[in-house]
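Here is the structure we will look at.
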Amino acid sequence: MLKIEHLKKRYKTGPWVLKDISFEVPDGEIVGLIGPSGAGKSTMIRCVNRLIDPSEGNIQLDGVNLSNLSSSKVREQRRHIGMIFQEYALVERLSVMENVLSGRLGYLPFWRSFLRRYPEKDIDNAFEYLDRVGLIDHANKRADELSGGQRQRVGIARALAQDPRLLLVDEPTASLDPKTSRQIMRLIQSICREKSLSAIINIHDVPLAMQFVDRIIGLQGGEVVFDGKPDELTEDV
Ligand code: ADP
Ligand code: ADP
């Protein structure tokens with residue numbers, strides 16, 4: 001379970017861009033984070049994965065406080081958080097398989113990928129995740145040979161290879177066509193259901209969010225202006 005308490009953030013001496021945010025995400029719940037540009041959605045996600053330091057407040061994942069860890073501990077905790085990105089963030093010249101392995105092993109030095117000396121168990125797991133996202137036949141292709149939807153599925157498999165306790169997903173469909181977007185959201189949803197995994201999805205496409213998330217949190221000017229089920233969302237929020 002993710003627990004955010006009185007989270008505040010300002011960049012240097014600028015204005016507060018997150019103003020006292022508190023909410024909990026139980027295991028298995030998919031939260032869609034919506035709101036206009038500048039509302040603080042990316043800042044929120046970057047605080048949770050500790051790419052940036054919160055100014056005040058607590059962030060707890062399964063009882064571990066993420067907000068005041070040393071940098072080595074941050075790295076350790078970040079292994080439990082799977083990230084999925086808008087532009088996929090794959091290593092284009094590496095194979096699909098190597099990209100998935102990098103989720104578990106970190107980015108590997110070139111010689112290591114050249115020698116292909118990976119632990120057998122990790123390779124077995126990577127095949128399992130590739131199978132889950134429907135890409136087992138593409139394992140040896142280079143990432144740059146794939147379509148956008150296929151690349152995003154590699155991104156999902158790579159996040160799963162971390163065996164995460166939480167998924168943080170930043171605009172996963174912003175570079176995809178509507179049909180592929182629905183397929184990707186459906187895949188994320190079914191994986192979260194199977195693994196009882198919670199997710200926070202930063203998503204600007206509100207109708208798409210309403211179709212696939214359990215709960216919507218609306219941010220505006222650094223404050224929560226809506227928190228409820230998708231069907232409770234009205235035009236004026
Ligand atoms: P959203 O993701 O909802 O578009 P952001 O979290 O990116 O919102 O931005 C929230 C506010 O914080 C904006 O006013 C933005 O200009 C500001 N901001 C974001 N990143 C930085 C930064 N690195 N330094 C200073 N201000 C920033
Ligand atoms: P998004 O809309 O996806 O949140 P932005 O365009 O707000 O993306 O931000 C892109 C990058 O620019 C981020 O790394 C963010 O930290 C940085 N950034 C955004 N606003 C500011 C700002 N006011 N000052 C400095 N950096 C900023």
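The values are calculated or read from the model by the stated rules, or taken from the named source; none is laboratory data. None of these values were measured; they are calculated from a predicted model. Reconstructed Cβ throughout: ideal geometry from the backbone, glycine too, with neighbour counts over all protein chains shown. Ligands, DNA and RNA are excluded from the accessible area calculation, which covers all protein heavy atoms including side chains. Shrake-Rupley method; radii C 1.70, N 1.55, O 1.52, S 1.80 Å.
Taking the stretch 1-15, which residues are outside any strand (DSSP E or B) and either within 11 Å of ligand 2 (Cβ to nearest atom) or open to solvent by less than 10 Å² (accessible area, probe 1.4 Å) (or both)?
Here is the first cut: in the stretch 1-15, the ones outside any strand (DSSP E or B) are 1, 11-15.
If the condition is that a residue be outside any strand (DSSP E or B) and either within 11 Å of ligand 2 (Cβ to nearest atom) or open to solvent by less than 10 Å² (accessible area, probe 1.4 Å) (or both), then 11, 12, 14, 15 are the ones that fit.
Output the residue which, of all residues in the stretch 197-237 that are assigned to a helix (DSSP H, G or I) and of a type outside the set (Asp, Glu), is surrounded by the fewest Cβ atoms within 10 Å (Cβ to Cβ).
Per the criteria, the residue is 207.
Among the residues of the stretch 16-56, which ones are outside any strand (DSSP E or B), loosely packed, with under 15 Cβ neighbours inside 10 Å and away from ligand 1 (no atom under 15 Å from the Cβ)?
Selection gives 26, 27.
What single numbered condition from (1) open to solvent by 10 Å² or more (accessible area, probe 1.4 Å); (2) in contact (Cβ under 8 Å) with a residue 24 or more places away in the chain; (3) on the phi < 0 side of the Ramachandran plot; (4) of a type outside the set (A, V, I, L, M) fails to hold for residue 194?
That leaves (2) as the condition not met.
Against the condition modelled with pLDDT under 95, over 18 Å from residue 45 (Cβ atoms) and within 18 Å of the chain's Cα centre (by Cα), how does residue 157 come out, does it pass? Even if it seems obvious, please write down each step before you answer.
Values: modelled with pLDDT under 95: no; over 18 Å from residue 45 (Cβ atoms): yes; within 18 Å of the chain's Cα centre (by Cα): yes.
No.
Cβ-Cβ distance below 6 Å, separation of 6 or more or different chains: which pairs start in the stretch 71-89 with a residue that is more than 16 Å from ligand 1 (Cβ to nearest atom) and end on one that is among the hydroxyl-bearing types (Ser, Thr, Tyr)?
Note: no pairs meet the criteria.
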